[in-house]
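Single-structure report; data block below.
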Amino acid sequence: AVPPPGTTSIVIQLLQVAIERLNFRWPAAPGRERTPVLTLQDVVSGGPPVHTSGEDGLLSLPWPCPELCRGGARAAIDVQSVYGALGRCYVVLEDSAGAARHGTISEVALMQSGRV
C-alpha cells in the first residue's frame, strides 16, 4: 500500500519466519534466537543494501523511498539470521486507497514460491 500524502517514513517489521527445509522457526523460545536482520536494496542497480534493520528488527525507511518508488527499481528484502541467508522477497507497491491511513498496520504474508 502506498502511504498517504504527508508521510515521511515507513517501518517494516518481521513478525514470523518459518522455513521447513531449513528447520528454522523464528521466534523460537524466548532468548534463544536473535531477531533476523532485514536489508533492503534495489537489485537492478546492483549496489549494496541501503537500509538495514536495527536490533529491534524494525526496518525504518524514509518516505518516499527511492528503492521502492524509483521507476525501474526492483526492491528486495533479504532476511538473514546468525546462520546466514534465510530468503529474499521482492516488494511491490500497490496503490490501494486508504490502505495505510492514520498509522494503521498492513500485514503481509510472504509465501514460498519454488525455492527460497
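The values are calculated or read from the model by the stated rules, or taken from the named source; none is laboratory data. Predicted, not measured: the structure shown is a model, and the values here were computed from it. Neighbour counts are summed over all protein chains in view; Cβ atoms, including those assigned to glycine, are modelled from backbone coordinates with ideal geometry. The area values use the complete protein model at the heavy-atom level, side chains included, leaving out ligands, DNA and RNA. Shrake-Rupley method; radii C 1.70, N 1.55, O 1.52, S 1.80 Å.
Here are the numbers for this structure:
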{"read-out": "Positions within region 55-80 being in a loop (DSSP other than H, G, I, E, B), open to solvent by less than 20 Å² (accessible area, probe 1.4 Å) and more than 20 Å from residue 26 (Cα to Cα), in sequence order", "value": "65"}
{"read-out": "So residue 52, is it open to solvent by 60 Å² or more (accessible area, probe 1.4 Å) and either over 13 Å from the mean Cα position of the chain (by Cα) or in contact (Cβ under 8 Å) with a residue 12 or more places away in the chain (or both)", "value": "yes"}
{"read-out": "Restricting region 34-49 to residues that are assigned to a loop (DSSP other than H, G, I, E, B) and within 14 Å of residue 79 (Cα to Cα), the residue that is least open to solvent (accessible area, probe 1.4 Å)", "value": "36"}
